[in-house]
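> So that we are looking at the same thing, I have put the structure below in structure tokens.
Derivation of every value follows stated rules applied to the coordinates shown; laboratory data play no part. Note that the coordinates shown come from a computational prediction; the quantities given were computed from them, not determined experimentally. FYI the Cβ positions are ideal-geometry reconstructions off the backbone, even for glycines, and counts take in every protein chain you see.
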Amino acid sequence: MHCPSCGREAPVEQQFCRNCGMSLSAVGKLVAQHSATPVEIQKKLQQREREAKIVRCMVNWIIRGMIVLGIGVVILVCAKNFDLGKWVRTIATLVILSGCGSALFGVLNSLRQGASLSTNSEQIPLDEPVDTKQLPANPIPSSLPSVTERTTQLISVKTSDSESKFSNG
Ligand SMILES: [Zn+2]
């Protein structure tokens with residue numbers, strides 16, 4: 001860091017400037033706070049990066065699937081309009097199916113990765129509904145960091161709800 005008064009370079013742990021005698025303890029604390037990122041924030045950033053990666057991967061698969069699906073639909077429409085024969089329609093159907101499969105694979109894959117991510121990392125405590133007859137005040141938790149994690153958590157909340165309903169009546 002540099003002395004705010006004279007600009008001379010000084011180590012962070014130094015208390016006073018050797019050039020002008022200015023107190024550097026407050027500056028040193030501030031510099032230490034800003035330069036050293038706490039481990040928790042780093043972990044959260046890494047997790048967010050991984051989640052963003054998963055979402056990107058899912059979007060890529062869905063876009064690819066949609067493109068393939070669109071090609072299949074175009075082939076199907078052409079086959080119908082120009083009467084190209086049964087095999088063209090079969091190919092178009094196969095192409096459409098593979099497009100759907102690609103998009104579905106992307107969604108399932110990202111869900112699986114998101115689930116493993118949330119089990120590896122620390123769980124964010126959800127407000128558990130005390131009474132199933134009462135609607136929860138916050139049906140959708142607002143402060144969750146990712147799309148995928150929220151879906152999986154909502155699913156788990158839903159299943160526990162239905163289980164308790166079965167046991168009640
Ligand atoms: Zn100085």
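> Using Cβ counts within 10 Å as a stand-in for footprinting exposure, how do 84, 69 rank, fewest first?
Ordered from fewest to most neighbouring Cβ atoms within 10 Å, 84, 69 come out as 84, 69.
> Quote to one decimal, in nm, the extra length available between residue 52 and residue 90 on full extension: 0.36 nm per residue of separation minus the C-alpha distance between them.
Gain in length upon complete extension: 9.9 nm.
> If only Cα atoms are counted, what is the Rg of region 38-121, and what is its Dmax, in Å?
Final numbers for Rg and Dmax: 19.0, 67 Å.
> Name the long-range amide H neighbours of residue 16: under 5 Å, sequence gap of 5 or more, or other chain; modelled H, no Pro or chain starts.
24
> Would you mind checking which residues have amide H under 5 Å from residue 84's amide H? H placed 1.01 Å from N; only 5 or more apart, or other chain.
The answer is none.
> Shifting gears a bit: Provide the gained length on full extension for the span residue 107 to residue 83, in nm with one decimal, where the gain is 0.36 nm per separating residue minus the Cα-Cα distance.
5.1 nm
> Report the extension gain between residue 15 and residue 40 in nm, rounded to one decimal, defined as 0.36 nm multiplied by the number of residues separating them, less their alpha carbon distance.
Length difference between fully extended and current span is 6.1 nm.
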